[in-house]
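The structure appears below as structure tokens.
The values are calculated or read from the model by the stated rules, or taken from the named source; none is laboratory data. The structure presented is a predicted model; accordingly, all values stated were derived computationally and were not measured. Note that we place each Cβ from the backbone using ideal geometry, even for glycine, and neighbour counts take in every protein chain shown. These area figures cover heavy atoms from the full protein model, side chains too; ligands, DNA and RNA do not enter into them. Shrake-Rupley method; radii C 1.70, N 1.55, O 1.52, S 1.80 Å.
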Amino acid sequence: MASLQEPWLLENGNLKGSSKEIRHARTAHNMSSSSLRKKSDLTLVSKVRCGMLRHLLTNLQEVILGTKLTVLFPAIPLAIAAECYGFGRPWVFALSLLGLTPLAERVSFLTEQIAYYTGPTVGGLLNATCGNATELIIAIFALWQHKIQVVKYSLLGSILSNLLLVLGTSLFCGGIANLGKEQKYDRRQADVNALLLLLALLCHMLPLLFRISAASVSLTEVPILQLSRVSSIIMLLAYITYIIFQLVTHRQLFEAQEESVEDGDDVLSEETPVIGFWSGIVWLVGMTAVIALLSEYVVGTIEDASESWGLSVSFISIILLPIVGNAAEHAGAVIFAFKNKLDISLGVALGSATQIAMFVVPLCVIVAWILGIEMDLNFNLLETGALTLSIITTAFTLQDGTSHYLKGLALLLCYVVIGACFFLNKTPLNHGNVIDLGVKSAARSVIAA
């Protein structure tokens, strides 16, 4: 084992759990991201005599050069330089967005490395918490700057991209690459995620319906905010139950994806850590800090980029942010679909959408509550309608446990239509709710009559 070959891998003592148990701590996010990793050649590093220097170089090679996305790392210092020296704000936005792509993949790698030492349960919980760290950090910075619509748009876009773009591309590419084979997946895992997504949809629709049914907008603002906060607490409790369901009581439902992996697959053959526990912690904290910095740049420059590029903030937040920010995870899901391992692809798409809908969104509402910011679950009519149709379409697509390329194409076309809708939607960022305007107009008409 690597931990016996290199003493610094025992920084926190012995590894916890068998190799099979450690694999079970790996979520679909980890497996997807692992497809973009590459093995490091430590021949030259091993010849360094100074142990501390050898340790540092090994960590740098594994963390920085151990991914196929290394070429994007220069975007990080370029984004910082562009911000410090007053370059064009759209350039800061674009470079920051590119820099977030490899960082998101490296966070997945580091949480997996730490999981080798914490055991499968704690590791699985860590993976579940950090799976969408980028979206959560961007949302918190947007909240801090009182850009509530950016928060809603970006989180909605992450859900839509996972359900339609990622899943659609995976099913389409997998179907084309495996025309002569019958593609099957475990329906039970898909059913669990679909059920939670429908619960999240209910919590989103009720505030909207509440406002539509009211005769006066002013009378519904406080009740809607209170309903959203109560619903958020319920969603967080449901997500905690889902984690227990996934990691403890019904772990076997989520192990099918690992049993489908061939023993000869190089992507998942690695069963020993390559960095130590405390090294992983330090790197994870450092990566998170850089993500936070770039997220602040993204949130602060999104309106300038919108004005410069002639694109609405809603289109940038709903379409561009999720595509670029999660490109590594999305690419991994498609790669496994090519290999006819749809359980992993579905785990990435549905698992990520469920985590955002049931954890990140309600957590943002609670954080906003703590900060004294009024954020509710009313995402407006157009956005909620797109979310509703996306969840229902996905649920119908996955109901029979089999897949072919036409299902993927249908999901992709749905995403194209929704993207075109938000591309043409030029509503300003701080706009009033269309529903509110309709209610006010109706109220005025009644008074005039």
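Here are a few things to note about the model shown:
- Cβ pairs under 9 Å, 6+ apart, first in region 138-165 and closer than 30 Å to residue 407 by Cα, second part of a loop (DSSP other than H, G, I, E, B) and of a type in the set (Gly, Ala, Ser): none
- Checking the stated criteria, residue 373 turns out not to satisfy the condition of being surrounded by fewer than 23 Cβ atoms within 10 Å (Cβ to Cβ) and under 18 Å from the mean Cα position of the chain (by Cα).
- Leading residue by the ranking (farthest from residue 281 (Cα to Cα)) among those in region 53-105 that are among the aromatic types (Phe, Trp, Tyr) and under 23 Å from the mean Cα position of the chain (by Cα): 93
- Residue within region 398-420 that is open to solvent by 20 Å² or more (accessible area, probe 1.4 Å), closer than 22 Å to residue 197 by Cβ, within 23 Å of the chain's Cα centre (by Cα) and of a type in the set (S, T, N, Q) present: no
- Extreme residue, most open to solvent (accessible area, probe 1.4 Å), among residues of region 66-93 that are in contact with an Asp or Glu (Cβ under 8 Å, 6 or more places away or on another chain) and within 30 Å of residue 275 (Cβ to Cβ): 69
- Unmet requirement for residue 378, which otherwise passes all of (1) in a helix (DSSP H, G or I); (2) touching a His at 6+ places or on another chain (Cβ under 9 Å); (3) open to solvent by less than 10 Å² (accessible area, probe 1.4 Å): (1)
- Every residue from region 281-317 that is under 22 Å from residue 81 (Cβ atoms), surrounded by 22 or more Cβ atoms within 10 Å (Cβ to Cβ) and among the hydroxyl-bearing types (Ser, Thr, Tyr): 295, 297, 301
- Screening residue 320 with (1) surrounded by 23 or more Cβ atoms within 10 Å (Cβ to Cβ); (2) closer than 20 Å to residue 418 by Cβ; (3) not polar (S, T, N, Q) gives one miss only, at (1).
- Within region 407-444, the set of residues being at pLDDT below 60 and of a type in the set (A, V, I, L, M, F, W, C) comprises 434, 435, 437, 439, 442, 443.
- Only one of the listed residues (384, 354, 402) is among the β-branched types (Val, Ile, Thr) and under 21 Å from residue 419 (Cβ atoms). That residue is 384.
- When 165, 136, 206 are screened for being buried (at least 18 other Cβ atoms within 10 Å of the Cβ) and within 17 Å of residue 365 (Cα to Cα), only 136 passes.
- Test: residue 384 is hydroxyl-bearing (Ser, Thr, Tyr), more than 19 Å from residue 147 (Cα to Cα) and over 18 Å from the mean Cα position of the chain (by Cα): no
- Close pairs from region 78-89: first at pLDDT 90 or above, partner open to solvent by 90 Å² or more (accessible area, probe 1.4 Å) and among the hydrophobic types (A, V, I, L, M, F, W, C), Cβ under 6 Å, at least 6 apart: 82/91
- Screening residue 254 on (1) under 19 Å from the mean Cα position of the chain (by Cα); (2) open to solvent by 20 Å² or more (accessible area, probe 1.4 Å); (3) modelled with pLDDT under 80 shows it passes everything except condition (2).
- Residue within region 356-367 that is over 25 Å from residue 192 (Cβ atoms) and either open to solvent by 20 Å² or more (accessible area, probe 1.4 Å) or not in a helix (DSSP H, G or I) (or both) present: yes
- As a summary of the residue check, residue 223 satisfies the conditions (1) touching a Pro at 6+ places or on another chain (Cβ under 6 Å); (2) surrounded by fewer than 18 Cβ atoms within 10 Å (Cβ to Cβ) except for the one numbered (1).
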